[in-house]
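Below is one structure, written out as structure tokens, with a few remarks after it.
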Amino acid sequence: MADTPKNPAEEQQQTESAPPKKSRRGIIIVVLLVVAVAALGFWWHSTYFEDTDDAQVSGHLIQISARIQGQVAKVYVDENQFIHKGDPIVDLDPRDFQVAVENAQAALASAQANASAANVNVPITDINTGANLRSAGADVSGASATVQQARGQLDAANAQVLQAAANNTKAQQDLERYKPLVEKDVISKQQYDAVVAAAAAAQATLTSSQASAAAAKDAVGVAQQRQASANALLKYAETGPQQVAVQSAKAKQAVAQVQAAQAQLDQAKLNLSYAKIVAPEDGIVTRKNVELNQNVSVGQNLLTLVSLSDIWITANFKETQLKQMHKGQHVEVAIDATGKKYSAVVTQVGGATGSVLSLFPPENATGNYVKVVQRIPVRLDFTNLKDEDPNHELRPGLSVEPKVRVKD
């Protein structure tokens, strides 16, 4: 079938409407240049920032536990309840601890009374020991004088005994001489009776003198005993400073007992205060494990308080991203849960990579090493969290995407 001839006018119109090939090539080149410039600009702009999607909100999980043993009297909180710092959480039965406080108060009062008495006894002991020392000294002097006097009397009595013995000897000898004379009537009976009487008197005088000497000797013994007693009292009185020191030590011991009783009272009051468990921070109650009338022990975990007053971001950046990252750089944080952006700042770079800090660090066999880019945790602190998150919408564990500005 033969081709239909074209109309010259239509052919001319198609020729004019079709763009030339050079024009299309120019448009493509322009588009490519624009794309290249945009890509270059995007790349250049990206060098000002470092970002990661391996990041999450971190916070403190406070384990609320009992510091004393007791029975739960009241529970104030429920699971997932938001509480403020100082709000009551649990009350334990305080009666046992109130009794302990009363006992400690009584023990403190008794110790204070003993300390007062011991402190008063110190000056009294000092005065008494001084007076006893002076009195004992006087007694010793008097006893010494009495001994000397008794010895003088004993010497005089012994001299009288000697004199009476000599007189008695002479009288007895005279009596023996006068006996034959009276028998022969050489002397009168009257003279002989006088000699007999004189002999008897001399004997009586000797006996009396001996008795006086014995009494004087006994008096010396009594005086010596008194002197020994006075010396013993003097030696005891001379221990006055030691007695004062002992009493002072007792007073100090009593004061120490007061301090110990005060410490026991403070501990009892402290234990009583532990019967009321309050929130240490603002937060949300989770993992509640306490019920009414439950008996709890010391250190038993009652619940977990998720603190919302101190939260931050832990971002795991690749080691290749840390070259220009340092403390104080501004960070823009996007959080998926709220759809908002928050301001933060780089606070510190972790001390080791995540693989090293893991429970089972990887160990590559010799000759089989494969280099893997490591990640290091970087802490980012919010700079204006009170204004940007007034309702505490952020929670530990939420995923975030931080963008750190590493160039100005």
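The values are calculated or read from the model by the stated rules, or taken from the named source; none is laboratory data. If you're wondering where the values come from, they're calculated on a predicted model, not measured in any experiment. Cβ atoms come from the backbone with ideal geometry, glycine included; neighbour counts cover every protein chain shown.
Some points to look at:
- Comparison of Lys217, Lys276 shows that the only residue that is closer than 30 Å to Ala109 by Cβ, of a type in the set (D, E, K, R) and surrounded by 13 or more Cβ atoms within 10 Å (Cβ to Cβ) is Lys276.
- Residues within the stretch 309-336 that are out of contact with any helix residue (DSSP H, G or I) (no Cβ under 8 Å at 6 or more places or on another chain), modelled with pLDDT of 90 or more and over 19 Å from Ala352 (Cβ atoms), tallied: 8
- Any hit, the stretch 214-226, residues being assigned to a helix (DSSP H, G or I), farther than 30 Å from Ser135 by Cα and not charged (D, E, K, R): yes
- Flag if Asp96 is loosely packed, with under 13 Cβ neighbours inside 10 Å, charged (D, E, K, R) and either in a helix (DSSP H, G or I) or touching a strand residue (DSSP E or B) at 6+ places or on another chain (Cβ under 8 Å) (or both): no
- Ala66, sole failed condition from (1) surrounded by 18 or more Cβ atoms within 10 Å (Cβ to Cβ); (2) farther than 18 Å from Leu292 by Cα; (3) among the hydrophobic types (A, V, I, L, M, F, W, C): (2)
- Residue-level analysis places Ala261 outside the set of residues that are buried (at least 19 other Cβ atoms within 10 Å of the Cβ), closer than 30 Å to Glu79 by Cβ, touching a residue at least 24 places away in the same chain (Cβ under 8 Å) and within 31 Å of the chain's Cα centre (by Cα).
- Of Val99, Val90, all but one fail to be without any contact (Cβ under 8 Å) to a residue 40 or more places away in the chain, more than 30 Å from Val331 (Cα to Cα) and not basic (Lys, Arg); the exception is Val99.
- Criterion violated by Ala204 - all others in (1) at pLDDT 80 or above; (2) more than 28 Å from Ala150 (Cβ to Cβ) satisfied: (2)
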